[in-house]
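Just so it is clear, none of the values below were taken in a lab; they were calculated from the coordinates. If you're wondering where the values come from, they're calculated on a predicted model, not measured in any experiment.
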Amino acid sequence: MKETHLPSGSIPALVTPMLADGAIDWTSFHALIDWHVEAGSNAIVVAGSTGESAMLTMDEHKRLIAEAVDHAADRIPIIADAGANATSEAIELTRAAQERGAIAAQALAATSDPAARDRER
């Protein structure tokens with residue numbers, strides 16, 4: 001990650017707009033970033049749980065981070081969600097965030113799957 005102070009204030013987690021076929025709607029995603037820049041948000045989080053991260057492939061997740069950093073063009077800090085159920089995937093996403101220029105990565109600990117737990121009983 002870049003050496004920087006973490007922002008405070010309004011740091012919304014973006015949704016990931018999707019097209020009817022399930023592809024990411026890049027035009028709308030870029031428009032969301034622009035809106036938050038214009039509205040004065042202090043940073044934005046991409047690819048978190050509100051960003052449909054569980055439905056993204058690893059390539060889509062990494063591209064979402066890259067697109068956010070590139071489109072923001074230092075107008076607003078990007079915090080990339082790097083949570084995953086596999087430690088290796090969380091590490092890969094954190095590295096991708098660092099390489100692309102996100103100011104930070106966030107990751108939640110993997111959660112248990114209640115349905116799987118119930119099946120084991």
The base-10 log of I(q)/I(0) that the Debye equation returns for the chain at q = 0.14, 0.17, 0.19 Å⁻¹, one scatterer per C-alpha, is -0.58, -0.81, -0.99
Per GNM of the chain with C-alpha springs under 10 angstrom, the most fluctuating residue out of Leu56, Leu19, Leu32 is Leu19
Expected vector for segment 74-89, Karplus 3J(HN,Hα) from phi with 6.51, -1.76, 1.60 and θ = phi - 60°, integer Hz, x for Gly and Pro, equals 6, 7, 8, x, 10, 10, 9, 6, 10, x, 7, 6, 9, 4, 4, 5
Most fluctuating of Ala23, Ala104, Ala72 in the GNM of the chain (C-alpha, under 10 Å) is Ala23
Counting only residues 5 or more apart in sequence or on a different chain, those whose built amide H sits under 5 Å from that of Met18 are Asp25
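Calculate how many DSSP beta bridges within the chain are antiparallel, expressed in % of all such bridges and rounded to the nearest 5. It would help to have the intermediate numbers written out before the result.
Values: 1 of 8 bridges.
Just about 10 percent of them are antiparallel.
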Note, segment 26-41: 3J(HN,Hα) by Karplus (6.51, -1.76, 1.60, θ = phi - 60°), whole Hz, Gly/Pro = x, goes 5, 4, 5, 4, 4, 5, 4, 4, 4, 4, 5, 4, 5, 7, x, 4
Amide H contacts under 5 Å for Val45, restricted to residues at least 5 apart in sequence or on another chain and with H modeled in the peptide plane, are Ala13, Leu14, Ile79
